[in-house]
There are 2 protein chains.
Amino acid sequence: MAERFEIVQKALVKMLEDKKYATLRDILITMNPIDIAGIFEDLEDKQIPILFRLLTKEQAAETFVEMEPDAQELLIRGFSDNELKEVLDELYVDDAADLVEEMPANVVKRILKAADPEMRSSINQILRYPEYSAGSIMTTEYVSLRPNMTVEEAILRIRRQGVDKETIYTCYVTAKDRQLLGIVTVKDLLLADDDEMTIEELMLTNLIFVTTQTDQEDVARMFSKYNFLALPVVDGEGRMVGIVTFDDAMDVMEEEATEDMELMSGMTPSEKPYLRSSPFELFKNRIPWLMLLMVSATFTGLIMTSFEDALAAQIALSAFIPMLMGTGGNSGSQSSVTVIRGLSLGELEFRDVGTVLLKELCTALMCGVTLAVVCFAKIWLVDHLLFGNENITLMVDLVVCCALCVTVVLAKLVGCLLPIGAKAIKLDPAVMASPFITTIVDALSLLIYFLFAKMLLGV
Amino acid sequence: MAERFEIVQKALVKMLEDKKYATLRDILITMNPIDIAGIFEDLEDKQIPILFRLLTKEQAAETFVEMEPDAQELLIRGFSDNELKEVLDELYVDDAADLVEEMPANVVKRILKAADPEMRSSINQILRYPEYSAGSIMTTEYVSLRPNMTVEEAILRIRRQGVDKETIYTCYVTAKDRQLLGIVTVKDLLLADDDEMTIEELMLTNLIFVTTQTDQEDVARMFSKYNFLALPVVDGEGRMVGIVTFDDAMDVMEEEATEDMELMSGMTPSEKPYLRSSPFELFKNRIPWLMLLMVSATFTGLIMTSFEDALAAQIALSAFIPMLMGTGGNSGSQSSVTVIRGLSLGELEFRDVGTVLLKELCTALMCGVTLAVVCFAKIWLVDHLLFGNENITLMVDLVVCCALCVTVVLAKLVGCLLPIGAKAIKLDPAVMASPFITTIVDALSLLIYFLFAKMLLGV
């Protein structure tokens with residue numbers, strides 16, 4: 001599918017170069033705005049306005065929303081005041097607010113000047129809410145109904161107002177002071193037996209809503225729990241101020257999962273797609289963590305140094321250090337990632353800490369013992385007998401396997417406790433994933449290793 | 001919010017114990033079925049049927065869908081044939097198919113016997129499609145219109161048929177042989193200026209659809225790209241067979257992100273939520289990877305052993321091994337996770353391999369040089385001067401930092417190439433994440449380290 005689409009895209013760019021505008025226009029009219037926006041990504045700067053002017057008015061606005069900020073800026077700078085006004089009039093308020101956030105100051109000034117007063121004030125309202133809050137991703141355009149309307153009146157109102165609304169399928173019943181009273185869906189309206197029924201009789205009053213301050217991650221979670229098309233947003237006094245639609249919630253879900261994965265692998269999350277980030281931007285997101293973890297590995301170095309004599313006396317011991325640290329790190333990151341994902345999907349809460357700890361302890365014991373037994377056999381059969389390494393005595397083998405078992409258990413406990421602890425002190429649990437845990441487990445595993453060496457080998 | 005809900009939940013369970021059924025019924029009627037299903041999770045087995053019978057018929061079915069399989073099974077076993085029939089009649093076909101998949105054979109037999117013939121054949125149809133395909137998550141209940149209908153006739157048809165359909169908002173225009181011709185939304189119908197307009201004039205013919213065989217991950221990606229409420233599913237001959245709705249796509253998105261994270265941290269993905277998995281199940285998902293990675297760490301052990309003499313001669317060298325391997329592993333997993341996420345969101349394709357490689361090389365050089373410089377200064381100032389470790393000479397410091405720089409660069413290249421390579425041979429790229437890459441990078445970093453030691457120190 002993706003490849004077929006690429007061929008179409010290339011053919012269209014070719015037509016543009018050959019100035020076959022009439023044919024191009026005929027093809028564009030059949031296309032989805034999101035796919036059209038994709039074509040703009042491969043165009044040279046001077047071709048962008050030419051292709052854009054071939055679009056119908058409605059398509060132009062829908063395509064504009066989906067374009068990359070660079071292309072948007074280029075187009076706005078080339079627009080006449082009238083053209084800008086036309087595009088803005090077709091935008092939903094939340095998309096206009098996103099645009100204003102992305103553009104440089106002088107472009108923003110032109111946008112706000114061209115917007116009609118109502119849109120201008122809505123944009124300003126949305127921009128006032130904190131980043132990542134429900135207020136910042138909502139739109140202020142929704143269909144509101146009054147409780148005393150009849151079904152027939154409500155449908156009439158939707159028909160009259162619906163054009164400018166992002167969704168008409170869920171309508172919000174509000175009182176005179178904009179207090180949210182209930183919800184009516186178009187399905188309920190269409191399927192109502194009696195057109196003279198009032199909205200009050202039909203509406204659902206079991207309200208599920210968010211406030212302007214609700215974190216966008218919680219908003220997304222409510223969508224995936226309740227399967228809504230849209231969720232009402234109210235202010236501190238319970239007055240309806242906007243709605244968040246499911247498509248924005250889907251974007252948030254994707255963003256948050258990406259952010260978690262980036263944090264989990266020791267990177268500062270970035271909203272810029274990979275292919276559009278410069279190596280220097282990637283460097284900036286990655287180096288602080290690498291640096292921090294490198295410096296904190298000093299501790300492992302110190303532990304190694306302080307056991308230098310032991311290592312020199314039993315030279316066979318050092319060969320197992322990478323395996324020990326690696327297995328410890330892997331065990332720990334399994335637990336931490338499981339717990340982090342559970343926390344971010346809302347399946348786990350702080351109060352579950354006891355259950356998690358017990359479950360991880362049991363799992364860790366099973367994993368630890370199994371690994372130790374296999375490791376013991378492998379070292380003896382392969383390293384000692386097969387490769388004939390005389391330095392590896394039964395006692396050395398025992399030291400490695402005891403250390404392995406204890407390391408795995410401790411690693412899993414650290415792995416599950418740190419993210420829950422982070423959550424408790426309002427940090428993002430994802431920060432406590434593999435790189436961080438590996439560093440701690442590395443130090444722990446060495447300490448345990450040398451402790452067993454001291455006890456069993458007397459070094 | 002979650003805590004407030006818990007208090008309500010406890011109060012309701014108390015009412016059930018005190019047999020205050022009338023009050024309980026009055027409260028339940030105002031609640032969302034998804035929240036009601038939450039209450040069932042905390043009930044004892046014998047309380048489940050009591051609470052369930054307090055629900056209205058419609059609520060009962062909607063709640064039933066959201067319940068855990070254990071509770072569903074318990075209820076079905078207790079249902080009379082009539083009760084079972086009533087619940088089944090209210091279910092959407094895709095939910096019924098999910099239920100059949102979860103239940104043991106003898107319960108399935110009862111379900112299929114109680115279902116009406118049409119539903120039975122739809123369930124069987126859905127179950128025939130491969131797991132994780134569009135066919136397996138679709139529902140066969142959608143509103144279909146004919147091209148020659150007028151807007152008025154179409155609305156009438158929706159009003160007549162809509163009750164049983166999962167969504168009425170997107171309607172599908174089909175020919176007599178069920179060929180998909182176009183799409184009409186209820187918004188288009190309601191906002192049409194003229195009730196006598198035909199569907200053919202109004203419908204969108206720019207069709208975006210999937211086939212029954214399309215992978216569910218691709219289906220989810222199309223939803224997040226195009227923001228649809230529903231996506232039509234056609235068979236090999238282009239005949240309409242069902243729709244996938246956005247809520248199912250959201251579930252898939254969440255599932256796939258979780259699966260990627262599990263694979264990335266070396267676990268076999270499981271669909272069972274963490275809190276419902278037994279330690280033995282967790283053990284089974286985790287031990288194969290730990291075992292595999294532990295055994296493959298044998299190579300690092302062999303490398304260490306073969307350089308035993310070098311380590312014995314320059315005892316200071318071993319202290320930096322954990323730092324070197326750790327930093328290499330972290331660098332590699334940053335790149336691999338970035339690339340894996342890009343691939344799974346469809347932002348990266350195999351053809352981007354050149355771009356990715358160049359970008360990672362530049363980033364890696366910047367990271368490598370920066371880390372090496374800082375590391376050099378840190379070792380000299382802290383380890384040599386501050387701690388007075390005489391074994392750490394300038395040459396040792398140089399060996400460590402040269403090895404660090406080269407390791408970081410190689411780790412990042414391995415980290416970005418392996419997932420892309422996996423994709424090319426149709427493996428899940430997520431398998432090629434940190435644990436796997438760490439193991440390779442561990443061995444690489446040791447080889448590089450000893451190579452530099454040989455060159456610069458002559459050991």
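The values are calculated or read from the model by the stated rules, or taken from the named source; none is laboratory data. These numbers come from a predicted model, not from an experiment. Please note: Cβ atoms are built from the backbone with ideal geometry, for glycine as well, and neighbour counts cover all protein chains shown. Please note that ligands, DNA and RNA were not included when accessible areas were found on the heavy atoms of the full protein model with its side chains. Shrake-Rupley method; radii C 1.70, N 1.55, O 1.52, S 1.80 Å.
Residues whose amide H comes within less than 5 Å of that of B:S133, counting only those at least five positions distant or on another chain, are B:Q216 (H built at 1.01 Å from N in the peptide plane).
Scanning chain A for the Cβ atom closest to the axis that brings A onto B yields residue and whole-Å distance A:A257, 2.
Kirkwood analysis of region A:390-459, using all unique Cα-Cα pairs, places the hydrodynamic radius at 13.4 Å.
With the whole protein complex present, B:I425 retains an accessible surface near 120 Å², based on a 1.4 Å probe. For region B:154-161, backbone phi angles converted through the Karplus equation (6.51, -1.76, 1.60; θ = phi - 60°) give residue-by-residue couplings of 5, 4, 4, 5, 4, 4, 7, 9 Hz, Gly and Pro being listed as x.
Each residue of region A:397-402 is assigned a 3J(HN,Hα), and the resulting list reads 4, 4, 4, 4, 6, 4 Hz, derived from the Karplus form 6.51 cos²θ - 1.76 cosθ + 1.60 (θ = phi - 60°), x at Gly and Pro. Angle, helix A:81-90 long axis vs. longest principal axis of chain A, Cα atoms, 0 to 90°, nearest 10? With both axes taken from Cα atoms, the answer is about 70 degrees. Using a probe of 1.4 Å on the protein chains alone, the accessible area found for A:L127 is around 60 Å². For region B:132-146, the residues whose amide N sits under 15 Å from a probe point set 7 Å from the Cα of B:K176 along the beta carbon direction are B:146.
Annotation: per residue accessible area for region B:92-250 equals 44 Å², rounded to a whole number [probe 1.4 Å, protein chains only]. The mean sequence separation of alpha-carbon pairs under 8 Å and at least six residues apart, normalised by the residue count of chain A, gives a relative contact order of 11 percent. If you take the alpha carbon atoms of the protein assembly as shown and fit the smallest convex hull around them, that volume is 193 Å³ per residue. Here is how far apart the A:E73 label points are across copies: 5.9 nm, shortest first, using a point 7 Å from Cα toward Cβ.
Note that region A:376-391 has calculated 3J(HN,Hα) couplings of 4, 4, 4, 4, 5, 6, 7, 5, 7, 6, 5, 7, x, 7, 6, 5 Hz, one per residue in order, obtained from phi through the Karplus relation 6.51 cos²θ - 1.76 cosθ + 1.60 (θ = phi - 60°); glycine and proline are x. Consider all pairwise Cα distances in region B:318-459 and report the whole-number % of them above 20 Å. Within region B:318-459, distances greater than 20 Å cover 49 percent of Cα pairs. Residues with beta-carbon under 13 Å from that of B:L343, excluding B:L343: net charge, scoring Lys, Arg +1 and Asp, Glu -1? Overall, the nearby charge balance is -3. Excluding ligands, DNA and RNA and using a 1.4 Å probe, chains B and A jointly bury around 10400 Å² of accessible surface, summed across both partners. Per residue, region B:271-334 exposes an accessible area of 35 Å² to a 1.4 Å probe, with every protein chain left in place.
Nearest 10 degrees is fine. How inclined is helix A:246-264 to the longest principal axis of chain A, computing both from alpha carbons? Roughly 20 degrees between the two axes.
Please compute the length gained on full extension between A:T198 and A:E390, using 0.36 nm multiplied by the number of residues separating them and subtracting their Cα-Cα distance. If you can, show how the numbers build up before the last one.
Working: separation 192, 0.36 × 192 = 69.12 nm, distance 9.06 nm.
Length gained between A:T198 and A:E390: 60.1 nm.
May I ask you to work out the translational diffusion coefficient for region A:267-367 at 10 °C, viscosity 1.306 mPa s, via Stokes-Einstein with Rh from the Kirkwood sum over Cα pairs, reported in whole µm²/s? The Stokes-Einstein estimate is 90 µm²/s. How large is the Rg to Rh ratio of region B:1-49 when both quantities use alpha carbon positions and Rh follows Kirkwood? Radius of gyration relative to Kirkwood radius: 0.93.
Per residue, region A:365-459 exposes 41 Å² of accessible surface when a 1.4 Å probe is rolled over the protein heavy atoms with every protein chain present.
Defining a contact as two alpha carbons under 8 Å apart and six or more residues distant in sequence, what relative contact order in percent does region A:23-164 show?
Working: 107 pairs, mean separation 26.1, N = 142.
Reported as a whole number, the value is 18 percent.
Give the ranking of A:V431, B:V408 by solvent-accessible surface, highest area first, calculated with a 1.4 Å probe.
A:V431, B:V408
By its C-alpha gyration tensor, with a ≥ b ≥ c as the square roots of the eigenvalues, how is region B:7-121 shaped: rounded for a/c under 1.5, else prolate for a/b larger than b/c, else oblate?
On the way: a/c = 2.13, a/b = 1.92, b/c = 1.11.
Because a/c hits 1.5 or more and a/b exceeds b/c, region B:7-121 counts as prolate.
Place a point 7 Å from the Cα of B:R25 along the Cα-to-Cβ direction; which residues of region B:43-59 have their backbone N under 12 Å from it? Within reach of a label on B:R25: B:53-57.
The fraction of accessible area contributed by carbon and sulfur in chain A is 58 percent, rounded to a whole number (1.4 Å probe; ligands and nucleic acids excluded). Label-point distances for B:S121 to the equivalent site in the other copies, using a point 7 angstrom along Cα→C-beta, read 5.9 nm when ranked shortest first. If you plug the beta carbon distance of A:A424 and B:E255 into 1/(1 + (r/R0)^6) with R0 = 25 Å, you get a FRET efficiency near 0.35.
For A:L181, the residues 5 or more places off, or on other chains, whose built amide H falls under 5 Å of its own are A:V173, A:T174, A:A175. Residues of region B:222-237 whose accessible area, computed with a 1.4 Å probe over protein heavy atoms, drops by at least 10 Å² once all protein chains are present relative to their chain alone are B:M222, B:F223, B:S224, B:K225, B:Y226, B:N227, B:F228, B:L229. For region B:301-319, a reduction of at least 50 Å² in accessible area between the chain on its own and the assembled protein chains (probe 1.4 Å) is found at B:M304, B:E308, B:I315, B:A319. Relative to the other identical copies, B:S270 shows label-point distances of 3.7 nm, where the label point lies 7 Å from Cα along the Cβ direction and values run shortest first.
Across q = 0.10, 0.13 Å⁻¹, chain A modelled as identical point scatterers on its alpha-carbon atoms has Debye log10 I(q)/I(0) values of -0.91, -1.18, in the order of the q list.
By the helix-only formula, in which each DSSP H run with n ≥ 4 contributes -39500 (n - 2.57) and the sum is divided by residues, the protein assembly as shown has a 222 nm mean residue ellipticity of -19500 deg cm²/dmol. Angle between the Cα long axis of helix B:279-296 and the longest principal axis of chain B, 0 to 90 degrees, nearest 10? Relative to chain B, helix B:279-296 is tipped by roughly 30 degrees.
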